[in-house]
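Colleague: Pasting in a structure now, in structure tokens, and then I'll have a few things to ask.
The values are calculated or read from the model by the stated rules, or taken from the named source; none is laboratory data. In this text, all values refer to a predicted model and were calculated from it rather than measured experimentally. We place every Cβ from the backbone using ideal geometry, glycine too, and count neighbours over all the protein chains shown. Side chains included, ligands, DNA and RNA excluded: accessible areas come from the protein's heavy atoms. Shrake-Rupley method; radii C 1.70, N 1.55, O 1.52, S 1.80 Å.
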Amino acid sequence: MKKLLFSLFTVFSFCVPSIAQQYSNPVINYSLPDPTVIKADDGYYYLYATENIRNLPIHRSKDMVNWSFVGTAFTNETRPTFEPKGNLWAPDINKIGDRYVMYYSMSVWGGEWTCGIGVATADKPEGPFTDHGKLFRSNEIGIQNCIDPFYIEDGGKKYLFWGSFHGIYGAELSDDGLSLKEPQQVAGTAYEGTYIHKRGGYYYLFASIGRCCEGLKSTYTTVVGRSKHLFGPYVDKKGESMLENHHEVLIDKNEAFVGPGHNSEIVTDDKGADWMFYHAVSVANPEGRVLMLDRVNWKKGWPVVEGDTPSLQAKAPVIRHK
């Protein structure tokens, strides 16, 4: 009987949801702007962010709520150098083949013609990452402020999208992901922080508008449009084009958080619910841009965050032990 009870307990313990039943925003209460996230082969979620922590911080979690710092993607010796005094911004992490591939921005503040996008790879999600250098710079392709990369595979091909307040652009990549074909503009000059999610026959282009980085005066807001095609046209609910800066608001400020924007990939939990990380400025702790988490629901073919603003407390993602 004891053996039977132990066996039942063992089976049950591998099927119950994680301990986190509720969570409060922010899920990390220090500055981790422009998050990107991936579920790795080891069962952990890994999150990367703009380098308020030098050399680009990496955190990991089993449940998307409780996070631990595991190190940085680079060291002072291995960090990218194509913009010598530049900072590493807005990474985008992906598993391509058997490698973890991270596209990143490198820029100095205001360096809208010298900034660019590079790529690094690692065998493990926690690194160490090997930098492969610059993919392109703004002054090399004639597009101002080339930051905020986003990688997507579609129809067996690889694509990169990027841009910041001078148009959102996309281009097909070479098979090795290290060179571009001809860029094409897909959204207007109001946007940065692009992320595209495919669902139910539509491509959803998420982006951010407004000022990201002015503390409690930040006006960042998360917005979205959709299209039947990867390169658009992306439109709002009225059919008006994102090329003309029309969109739907997804997450706006509230009394506790301002400047909610630059969302991550959508992550699906073990009950099929969709979740999104983003950053915001906390009214209670306005130093930096803290890490936020909210559920994304789908209504009449459009993504919706409850109340159109950051949650204060909510039910946690359901992640089952394995």
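Colleague: Indicate the gyration tensor shape class of segment 224-322 (rounded, prolate or oblate), computed on the Cα atoms with a ≥ b ≥ c the square roots of the eigenvalues: a/c under 1.5 is rounded; otherwise a/b larger than b/c is prolate and the rest oblate.
Modeller: Oblate.
Colleague: Oh, and also: Karplus couplings for segment 238-249 from phi (6.51 cos²θ - 1.76 cosθ + 1.60, θ = phi - 60°), rounded to Hz, Gly and Pro as x?
Modeller: These are the phi-based 3J(HN,Hα) values: 8, x, 8, 7, 5, 4, 9, 6, 9, 6, 10, 7 Hz.
Colleague: GNM, the chain, Cα, under 10 Å: largest mean-square fluctuation among D154, D131, D34?
Modeller: Its mean-square fluctuation being the largest, the pick is D154.
Colleague: Among F161, Q185, W302, pick out the residue whose Cα is farthest towards the positive end of the charge dipole of segment 161-315, where Lys and Arg carry +1 and Asp and Glu carry -1 on C-beta, about the Cα centre.
Modeller: Of F161, Q185, W302, it is W302.
Colleague: Right, something else. Nearest 0.05, what FRET efficiency do K237 and A273 give at R0 = 22 Å with Cβ-Cβ as r?
Modeller: 0.40
Colleague: Could you pull out every residue, at least 5 positions away or on a different chain, whose amide H is within less than 5 Å of the one on S164? Hs are placed 1.01 Å off N in the peptide plane, and Pro or chain starts have none.
Modeller: Here I147 satisfy the definition.
Colleague: Dipole size in debye (nearest 20) for segment 164-293 around its Cα centre, Lys and Arg Cβ +1, Asp and Glu Cβ -1? Present the calculation step by step, with values, prior to reporting the outcome.
Modeller: Numbers: 12 positive and 17 negative charges, 62 e Å.
So the dipole magnitude of segment 164-293 works out to roughly 300 debye.
Colleague: Helix 2-13: angle to the longest alpha-carbon principal axis of the chain, degrees 0 to 90, nearest 10?
Modeller: 20
Colleague: Aspartates and glutamates near K85 by alpha-carbon distance under 19 Å, same-chain residues fewer than 8 away left out - which ones?
Modeller: E51, E77, E112, D131, E140, D148
Colleague: So which of K158/K300; K271/K315; K217/K299; K238/K271; K198/K300 end up more than 22 Å apart by C-alpha? Could you put the intermediate results ahead of the total?
Modeller: Working: K158/K300 29 Å; K271/K315 13 Å; K217/K299 31 Å; K238/K271 32 Å; K198/K300 15 Å.
Where the Cα-Cα span goes over 22 Å, the pairs concerned are K158/K300; K217/K299; K238/K271.
Colleague: Can I ask one more? Dipole magnitude of the chain about its Cα centre, charges +1 at Lys/Arg Cβ and -1 at Asp/Glu Cβ only, in debye to the nearest 20?
Modeller: 980
Colleague: All other residues with a Cβ under 12 Å from the Cβ of F165 taken together, and with Lys, Arg as +1 and Asp, Glu as -1, what is their net charge? Walk me through the intermediate numbers first.
Modeller: Working: positive: R211; negative: E112, D148, E192.
Summing Lys/Arg as +1 and Asp/Glu as -1 gives -2.
Colleague: Report in % the part of the accessible area of segment 127-231 that belongs to carbon and sulfur, leaving out ligands and nucleic acids; probe 1.4 Å. List each step's numbers first, then the result.
Modeller: Numbers: 1920 of 4230 Å².
Carbon and sulfur atoms account for 45 percent of the accessible area of segment 127-231.
Colleague: Order of 95-103, 172-180, 141-149 by packing, highest average Cβ count within 10 Å first?
Modeller: Working: 95-103: 16.4, 172-180: 13.9, 141-149: 20.4.
For the peptides 95-103, 172-180, 141-149, the packing ranking is 141-149, 95-103, 172-180.
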